[in-house]
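For reference, the structure is listed below as C-alpha cells.
The values are calculated or read from the model by the stated rules, or taken from the named source; none is laboratory data. Since we're looking at a predicted model, the values are computed, not measured. Because the Cβ atoms are built from the backbone with ideal geometry, glycine has one as well, and the counts that use them run over all protein chains shown.
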Amino acid sequence: MWFGVGLSEVIGLLASLTLIFIIVVKRAKIGLALLVGSVTLGLISMTPTDFLVTVTRALLDRRTFELTAAVALIALLGAIYKITGLLEELSNGLRRALPSDKLVVELIPAIFGLLPVLGGALMSAPVVEAVGNDLGLDPEEKTFVNLWFRHVVFFIYPVGTTLLLASYLAGVDVKPLILAQLPVFFTSIAAGQAIWLITGFEKSKERVKRDFSKKKLVEAIFPIILVAIFGVLRRWLITLGVILAIAFLWLIGRLGANNLNKALREARLSEMVLVGLGVMIYRSTVEASDVTETISSLIGRSSVPSILLLVLIPSILGFTLGTPTGTIALAVPLLANLVPIGSFETGLILTCSILGYVVSPLHACYTLTSEYFGASMLKVYRYLLPVTFFTILSGTITVLLFRV
C-alpha cells in the first residue's frame with residue numbers, strides 16, 4: 001500500500017478502470033485493455049515482485065488454459081461457418097423450414113448469435129430486411145428485432161463467451177447457471193414479442209423460393225448443438241466439443257485444408273487468446289490487490305442494498321465499456337467480496353452486463369445494424385429500453401426469491 005490503508009488499492013482500481021474505458025472507446029483490443037488495466041492496478045496496489053507472482057499464478061492456472069482454449073476454438077468454429085457458407089445455408093434452410101416469417105426474423109439473428117463471428121449482426125441483417133419488408137417493419141423496428149433477438153440467447157447459451165466467463169470467475173457450474181437464467185431468458189423472449197403488438201405487422205406476402213435441403217440444414221445445425229451439449233455436461237469439455245464439431249465438418253466434406261487455413265486467419269485467434277489471458281490476469285490482480293475487501297468494508301458501512309449493487313455495477317460497466325467480456329471480468333471479482341454470490345446472483349450480473357452492453361452506443365452490433373437499416377439509434381431506444389427494463393426486473397425478482 002503506497003498511499004495509506006486501502007487507498008492505494010482503490011486508486012489502482014479507479015485508474016485501471018479509467019484506462020480500460022479509454023482504450024475500449026478508442027476501439028483497441030479488449031484483451032490489451034485488460035492487460036494494461038492489470039499492470040496499472042498491480043503496480044499501484046502492490047510491489048512489482050508481488051505483481052509478477054500474481055501474473056505467474058494466473059498464467060499457470062488450469063482455468064486460464066481452459067478458458068483461453070475454449071474462446072479461441074469457438075471463434076475458429078465461427079470463422080469456419082462463415083468461410084464454408086454454412087451460415088448462409090443455415091439462414092436459407094430455416095426460412096424454408098419454418099412456418100412463419102415472423103419466427104424467421106426472430107430465429108435467424110439468434111442462430112447467428114450462437115457464433116461469435118465478426119460482423120454477425122450484419123450477416124443476419126439482409127434476411128431480417130427482406131422478411132421484415134414483407135412484414136411491414138420500419139427501419140427502427142427491423143433494427144430492434146435484429147439486435148434484440150441476436151442477444152437473448154446469450155443469457156443461457158452454454159458456450160457463449162460471456163456465460164462461460166461468468167461461470168469461471170464466479171466458480172459456478174454452467175448447468176445451475178443456465179437453470180437460474182431461464183426466467184430471464186423467457187422474459188426476454190416474451191418482452192421482445194411486444195414488437196408485434198406495437199407494429200401491427202402484416203403477414204408475409206412472399207415466401208423464399210430457394211431449394212430446401214433438410215440434409216444441409218442438419219449438417220449446419222448439428223455442430224452447434226454438439227458443442228452446446230458438451231458445454232452443458234462440463235465446462236472443460238467445450239474444447240473437446242468444438243474439436244469434434246470441426247472434425248465432423250471435415251469428415252462430411254464440408255471443410256477442407258484451404259478453407260481451414262482461411263478460417264484460421266479469419267478467426268483472429270491471437271486476439272481471442274489475448275482476451276482469455278487478459279481476463280484471467282485482471283481477475284487474479286483484483287483478487288491479489290485486496291481492493292474488493294476495501295470496497296466491501298466501505299460499502300458495508302453504507303446503506304446501499306446488495307441487490308442494487310448486483311444490478312447497477314454491471315449495468316453501468318456494460319454501458320460505459322461497450323463490451324460484455326470486459327464487464328464480466330471487472331464486475332464478478334469486484335462483487336464477489338461485496339455480495340454472497342451463487343448461481344442466481346451470477347445470473348443477474350450476467351444479465352445486467354449483457355443488457356448494459358446491448359443498449360450501449362459503443363456496441364458495434366447496435367451501431368452497425370442501425371446504419372445498415374438507416375435507423376435512428378435514439379428512436380430504437382423506444383423499443384429497446386422497455387424490454388431491457390422488464391428483463392432486468394425478472395432477473396432481480398428471481399434473485400430476491402432464490403438468493404443464497
- prompt: Of all residues in segment 242-266 being surrounded by 15 or more Cβ atoms within 10 Å (Cβ to Cβ) and β-branched (V, I, T), which is modelled with the lowest pLDDT?
  reply: V242
field: Selected residue [farther than 25 Å from F186 by Cα, of a type outside the set (V, I, T) and at pLDDT below 90] from P324, P340
entry: P340
query: Scanning segment 110-136 for residues that are of a type outside the set (V, I, T) and not in a helix (DSSP H, G or I), which turns out modelled with the lowest pLDDT?
result: L118
- request: Take segment 318-370 and flag every residue that is of a type in the set (A, V, I, L, M, F, W, C) and under 20 Å from T143 (Cα atoms).
  value: F319, I354, L355, V358, V359, L362, A364, C365, L368
query: Which numbered condition trips up S124, out of (1) crowded, with 24+ Cβ neighbours inside 10 Å; (2) of a type in the set (S, T, Y); (3) more than 23 Å from Y381 (Cα to Cα)?
result: (3)
task: Residues being in a loop (DSSP other than H, G, I, E, B) and either out of contact with any Ser or Thr (no Cβ under 8 Å at 6 or more places or on another chain) or of a type in the set (D, E, K, R) (or both): count how many of those fall in segment 160-173.
output: 3
task: Take segment 13-32 and flag every residue that is modelled with pLDDT of 85 or more and either part of a loop (DSSP other than H, G, I, E, B) or crowded, with 18+ Cβ neighbours inside 10 Å (or both).
output: S16
- prompt: Would you pick out the residues in segment 242-270 that are touching a Leu at 6+ places or on another chain (Cβ under 9 Å), part of a helix (DSSP H, G or I) and either among the β-branched types (V, I, T) or under 30 Å from A170 (Cβ atoms) (or both)?
  reply: V242, I243, L244, A245, I246, L269
task: May I ask you to list the residues in segment 303-321 that are touching a helix residue (DSSP H, G or I) at 6+ places or on another chain (Cβ under 8 Å), more than 14 Å from L17 (Cβ to Cβ) and not hydrophobic (A, V, I, L, M, F, W, C)?
output: S315
- prompt: Just a yes or no: is a residue in segment 97-109 in a helix (DSSP H, G or I), surrounded by fewer than 17 Cβ atoms within 10 Å (Cβ to Cβ) and at pLDDT 70 or above?
  reply: yes
query: Hey, among the residues in segment 333-365 that are farther than 17 Å from T396 by Cβ and more than 14 Å from the chain's Cα centre (by Cα), which one's surrounded by the fewest Cβ atoms within 10 Å (Cβ to Cβ)?
result: P361
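This table checks each residue for (1) at negative phi; (2) in contact with an Asp or Glu (Cβ under 8 Å, 6 or more places away or on another chain); (3) assigned to a loop (DSSP other than H, G, I, E, B); (4) modelled with pLDDT under 90.
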site	(1), (2), (3), (4)
P158	yes, no, yes, yes
L182	yes, no, no, no
F186	yes, no, no, no
L197	yes, no, no, yes
R207	yes, yes, yes, yes
V227	yes, no, no, yes
task: Check whether at least one residue in segment 44-61 is modelled with pLDDT of 85 or more, of a type outside the set (D, E, K, R) and not in a helix (DSSP H, G or I), and report yes or no.
output: yes
- prompt: Any residue at all in segment 279-291 that is at pLDDT below 90, out of contact with any Ser or Thr (no Cβ under 9 Å at 6 or more places or on another chain) and among the small types (G, A, S)?
  reply: no
query: Given the conditions (1) under 17 Å from G160 (Cβ atoms); (2) surrounded by 20 or more Cβ atoms within 10 Å (Cβ to Cβ), and given that A69 satisfies all but one, which numbered condition is not satisfied?
result: (2)
message: Within segment 351-379, take every residue that is of a type in the set (V, I, T) and part of a helix (DSSP H, G or I) and give me the one that is farthest from G326 (Cα to Cα).
response: T369
